[in-house]
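Enquirer: Structure incoming, see below.
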Amino acid sequence: MITPMRVFVLIFNARTENEGIHTIREGNRNKILMFESEDDATRFALMLEAQDFPAPTPEPIDAEEIKEFCESAGYEWEIIPENSNLVVTPPELNVEETDWQADAHKEDTVEDTFPLNQQPLEEPELSDSELEKMRRKLEGLL
C-alpha cells in the first residue's frame with residue numbers, strides 16, 4: 001500500500017503552545033490515526049467530542065513527518081483509508097490526564113514566566129506591618 005503524501009491527524013489546542021496530538025492507547029503503546037480523508041477525520045473528531053473529549057481539530061500534515069514522529073516517540077501509527085469499510089470508533093474510556101494537559105499544569109519557572117529580556121519583579125521592600133498601614137490609609141481616603 002502506498003502511503004499518501006498528506007494525511008489528517010487530530011490535534012488538541014491546534015496552533016498553540018499547548019498543542020497535543022490524539023492517540024489511542026493499545027495496551028502500553030500509543031497509536032496515532034492518520035486519516036486519508038478530512039471528512040473521516042472530522043467525523044472521528046465529532047465522535048470524540050460526543051464522548052466528552054476536548055474538541056480536536058483535523059490538521060493536514062505530511063505522512064512521512066508523522067511516521068518520523070511516531071518512531072522518535074515510540075508510537076504506533078495506522079492509516080485510515082478514504083471510503084474504506086474500516087469503521088473507526090473512539091474507545092469508550094479516555095485517559096484522565098493527557099500528556100499535553102500535564103504540561104499545561106506544570107509549575108512555572110522563571111524561564112516559563114518571563115521573557116528572556118525581562119527580569120522577575122523583586123520582593124517588596126516594605127514589611128507586612130508597613131503595607132497594612134498603607135492599606136488602612138488608602139481605605140480611609142475612600
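The values are calculated or read from the model by the stated rules, or taken from the named source; none is laboratory data. Computed from a prediction, not measured in an experiment: that's the story for all the values here. Note that we place each Cβ from the backbone using ideal geometry, even for glycine, and neighbour counts take in every protein chain shown. Please note that ligands, DNA and RNA were not included when accessible areas were found on the heavy atoms of the full protein model with its side chains. Shrake-Rupley method; radii C 1.70, N 1.55, O 1.52, S 1.80 Å.
Enquirer: State whether the residues of segment 19-28 include one that is more than 17 Å from the chain's Cα centre (by Cα), within 16 Å of Glu76 (Cα to Cα) and of a type in the set (Asp, Glu).
Expert: Within segment 19-28 (the criterion being more than 17 Å from the chain's Cα centre (by Cα), within 16 Å of Glu76 (Cα to Cα) and of a type in the set (Asp, Glu)), the answer is yes, since at least one residue qualifies.
Enquirer: Of these, Phe8, Phe69, which one is modelled with pLDDT of 85 or more, among the aromatic types (Phe, Trp, Tyr) and touching a Ser or Thr at 6+ places or on another chain (Cβ under 9 Å)?
Expert: Phe8
Enquirer: Looking at (1) at pLDDT 65 or above; (2) open to solvent by 100 Å² or more (accessible area, probe 1.4 Å); (3) over 13 Å from Met34 (Cβ atoms), find the lone condition where Glu122 falls short.
Expert: (1)
Enquirer: Right, next: May I ask you to list the residues in segment 33-86 that are over 10 Å from Leu10 (Cβ atoms), of a type in the set (Ser, Thr, Tyr) and outside any helix (DSSP H, G or I)?
Expert: Ser37, Tyr75, Ser84
Enquirer: Another question, if that's okay. Which of the residues that make up segment 11-50 are within 18 Å of Asn83 (Cα to Cα) and hydrophobic (A, V, I, L, M, F, W, C)?
Expert: Correct list: Leu33, Met34, Phe35, Ala41, Phe44, Ala45, Leu46, Met47.
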